[in-house]
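Colleague: Questions regarding the structure given below will be posed in turn.
Every number here is computed from the coordinates shown, using simple stated rules; none is lab data. Keep in mind the model is a prediction, meaning the values are calculated, not measured. Cβ: placed from backbone, ideal geometry, glycine included. Neighbour counts: every protein chain shown.
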Amino acid sequence: MVVWADALIQGILLGGLYALFAAGLSLIFGIMRLVNLAHGDLIVLVAFVILTITAWLGIDPFAATLAALPIMFLAGFALQHLLLNRTLGGDLLPPLLVTFGLSIIIENSLLELFSADSRRLGAGSIETASVLLSGDIAVGVVPLLTLGSAIAVVLALNLIFYRTSLGRAFRATADDLEIAQLMGIDYPRIFSIAMGLAFMVLTIAALYLGMRANFDPTIGPGRLLYAFEAVIVGGLGSFWGTLGGGVIIGVAQTIGAQLNPEWQILAGHIAFLVVLIFKPRGLFPRTMD
Amino acid sequence: MALLETRGLTAFYGDFQALYGIDSILQPGETIAIIGANGAGKSTYLKAIAGLIGRPTESVWFDGLPIGGMPAAEIMKRGIALVPEGRRLFPSLTVEENLLIGRYGRSASGPWSLDRIYALFPAIKARRHSASTKLSGGEQQMTAIGRALISNPRVLLCDEISLGLAPITVRNLYDALPDVKAEGTSVVLVEQDIVQASKVSDRIYCFQEGRLSLSGRPAELSRDQIHFAYFGS
């Protein structure tokens, strides 16, 4: 019984990481209907950026992430403004092809710059620190921080979306691009701000990706897959749904691993397929179009 | 100087030409009505002014400046607000959020505030926290007009505000127009209902198949003239 409870708890904590992977993807798709195939590689790219900052400045990954956040906002804004806005229109194919190309460029550039060696963001004693929940169950501090950060990110995004003028502009643009322009909304700028925000979220995801496990330049597509699954399981347009989707994928993986270690990844995919079959709009959809 | 003017305004949907050289003038404080049958180009005329479809740069003038090459968001910031056909409220926003988003690009000082719009349309005040999709057609139209007014525009473009609404609702909406005029807002009203348009407008422009077929003051135009300009026979 304890092992199953432990698997459930570890799965929930793992879900926090998947929710962080997915939140930026959900934000971008929700506002501009852009499927960013480079999302996973961008997370890996930012993990290398954080690694480089820690090496250059001799600071810990948390401080490096704080330093990277504004830089990544500007990078996301610039990417959208200079490249992706040009691909958006009636046809879904151009942004798909461009982000697919971007994914290949990022992965190969990272291989060229950093080689295929696995890396890790060293955070000192916190990496192995844990909290004892009961006699037989302990949870790591980093996984707890990951889930806490995912909840904080979802709260912050909800605050922006539902309590600010910018959030109203995000939702209006997502609802009706033509009429949004009549409100004086400069939609290319709104898209660029949204991408900047998504980059900040993926910077936080990159921090925990690098602290929880090894990473190398080729793991981006796998993170993209988990992010997709979390968004679709949770339902489009709902950040809390995305968090729920991440947790479901995480729990399915740890339960699967408990049954048979080889089934871990497969169990997550099966959970995704089951939701897709019975609730194709996801479990907690908000967007109805 | 005219507040808003079109000079030989043309507009296309792909290869299809929807407007052929429309000349029109709106003076400050004036209300003009654009009438015509379905497909006459009335809505296209408003969309061209608002910047939602392509048009020649010097075919639309606002306050003495050509605005034909400007995007819709920039035109709105200069003081032209459109109430679109079919209301087109934002479904994910509440009624009050729909009103507030109307001043996102232009927060000019003026008579129209949230309170003033609720005073003009008390029916929507009670529903202000409701989803806009839950409103009746009339309440949706009131919200759409309020959304345009809250930016304190100098010109209000209204596209068929009576479409699909009960007569009593239409009367309530038209009863609000004198208040809008009294605040100095100029109005361009697209309407199929000739009687309603004649009552509230200073001048009428009649469109037929994308061309201007008649213009003048309502009192100076005979029933036969309007009928011929409207239907072409």
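Colleague: Could you work out the percent of alpha carbon pairs in the protein assembly as shown separated by over 30 Å, rounded to a whole number? Spell out each step's value before the answer.
Modeller: Details: 76477 of 135981 pairs.
That fraction is 56 percent.
Colleague: Let me ask something else. Using alpha carbons only, how many degrees (0 to 90, rounded to 10) separate the axis of helix A:61-82 from the longest principal axis of chain A?
Modeller: Helix A:61-82 sits roughly 30 degrees off the main axis of chain A.
Colleague: Would you mind checking the tilt of helix A:165-175 against the longest principal axis of the Cα atoms of chain A, expressed as 0 to 90 degrees and rounded to 10?
Modeller: Between helix and principal axis, roughly 80 degrees.
Colleague: Please list, short to long, the whole-number percent of alpha-carbon pairs of chain B in consecutive 5 angstrom bins beginning at zero.
Modeller: 1, 7, 15, 19, 20, 17, 12, 6, 2, 0
Colleague: Name the residue, out of A:Thr242, A:Thr52, A:Thr203, whose mean-square fluctuation peaks in a Gaussian network model built on chain A with Cα pairs under 10 Å.
Modeller: A:Thr52
Colleague: Also, quick follow-up: Determine the sum of side-chain charges near A:Glu107: Lys and Arg each +1, Asp and Glu each -1, restricted to other residues whose C-beta is under 15 angstrom from that of A:Glu107. Walk me through the numbers on the way to the answer.
Modeller: Working: positive: A:Arg119, A:Arg223; negative: A:Asp41, A:Glu112, A:Asp117, A:Asp216.
Net charge around A:Glu107: -2.
Colleague: Inside 10 Å of the C-beta atoms of B:47-55, what's the mean count of C-beta atoms belonging to other chains? Working shown, then result.
Modeller: Details: counts 2, 0, 0, 3, 2, 4, 0, 0, 0.
That average works out to 1.
Colleague: Would you mind counting up the charge near B:Gly86? Only other residues with Cβ under 12 Å from its Cβ, with Lys and Arg at +1 and Asp and Glu at -1. It would help to have the intermediate numbers written out before the result.
Modeller: Numbers: positive: B:Arg87, B:Arg88; negative: A:Asp176, A:Glu178, B:Glu85, B:Asp159, B:Glu160.
With Lys, Arg at +1 and Asp, Glu at -1, the net is -3.
Colleague: Put +1 on the Cβ of each Lys and Arg and -1 on the Cβ of each Asp and Glu in chain A; which of A:Gln181, A:Gly245, A:Val233 then has its Cα farthest toward the positive end of the dipole?
Modeller: Result: A:Gln181, furthest along the dipole toward the positive end.
Colleague: With N denoting the number of residues in chain A, provide Rg(C-alpha) divided by 2.2 N^0.38 Å, to two decimal places.
Modeller: Details: Rg = 18.7 Å, N = 289, 2.2 N^0.38 = 18.9 Å.
Chain A yields a ratio of 0.99.
Colleague: With all pairs of different alpha carbon atoms counted, what Kirkwood hydrodynamic radius in Å does segment A:68-226 show?
Modeller: On the way: mean 1/r = 0.0546 Å⁻¹.
The answer is 18.3 Å.
Colleague: For chain B, what is the relative contact order in percent, using Cα pairs closer than 8 Å and at least 6 residues apart in sequence? Mind dumping the intermediate values first?
Modeller: Working: 472 pairs, mean separation 63.6, N = 233.
It rounds to 27 percent for chain B.
Colleague: So if each residue of separation counts as 0.36 nm, and I subtract the Cα-Cα distance between A:Leu144 and A:Ala55, what length gain in nm does that give? Could you put the intermediate results ahead of the total?
Modeller: Working: separation 89, 0.36 × 89 = 32.04 nm, distance 2.55 nm.
Full extension from A:Leu144 to A:Ala55 adds 29.5 nm.
Colleague: Hey, another quick one. Would you grab the residues whose amide H sits under 5 Å from the one on B:Thr31? Only those 5+ places off in sequence or on another chain, please, with H modelled 1.01 Å from N.
Modeller: B:Val187, B:Asp202, B:Arg203
Colleague: Explain nothing, just compute: Karplus ³J(HN,Hα) = 6.51 cos²θ - 1.76 cosθ + 1.60, θ = phi - 60°, for every residue of segment B:108-124 in order, whole Hz, x for Gly and Pro.
Modeller: For segment B:108-124, the Karplus curve yields 5, 6, x, x, 9, 10, 4, 5, 5, 5, 5, 5, 6, 10, x, 4, 8 Hz.
Colleague: Treating the beta-carbon of each Lys and Arg as +1 and of each Asp and Glu as -1, no other charges, what is the dipole magnitude of segment B:113-233 about its Cα centre, to the nearest 20 debye?
Modeller: Working: 14 positive and 13 negative charges, 75 e Å.
Here the size comes out at about 360 debye.
Colleague: With each run of n ≥ 4 DSSP H residues scored as -39500 (n - 2.57), what mean residue ellipticity at 222 nm is computed for the protein assembly as shown after dividing by its residue count and rounding to the nearest 500 deg cm²/dmol? Could the numbers behind the result be given before it?
Modeller: Details: 20 runs with 290 residues, N = 522.
Computed mean residue ellipticity for the protein assembly as shown: -18000 deg cm²/dmol.
Colleague: Near the amide H of B:Ser213, under 5 Å away, which other amide H atoms are found, from residues 5 or more places off or on another chain, if H is placed in the peptide plane?
Modeller: B:Cys206, B:Phe207, B:Gln208
Colleague: Another question, if that's okay. Relative contact order for segment B:1-135: what is it in percent, counting Cα pairs under 8 Å that are at least 6 residues apart?
Modeller: 20
Colleague: Still on this structure: How shielded is B:102-111 by partner chains, expressed as the average number of their Cβ atoms within 10 Å of its Cβ atoms?
Modeller: Working: counts 4, 3, 11, 8, 2, 2, 0, 0, 0, 0.
Mean shielding count: 3.
Colleague: Explain nothing, just the number: relative contact order of chain A, from Cα pairs under 8 Å at least 6 residues apart, as a whole percent.
Modeller: Numbers: 502 pairs, mean separation 105.7, N = 289.
Once divided by the residue count of chain A, the mean separation gives 37 percent.
Colleague: Helix A:264-278: angle to the longest alpha-carbon principal axis of chain A, degrees 0 to 90, nearest 10?
Modeller: 50
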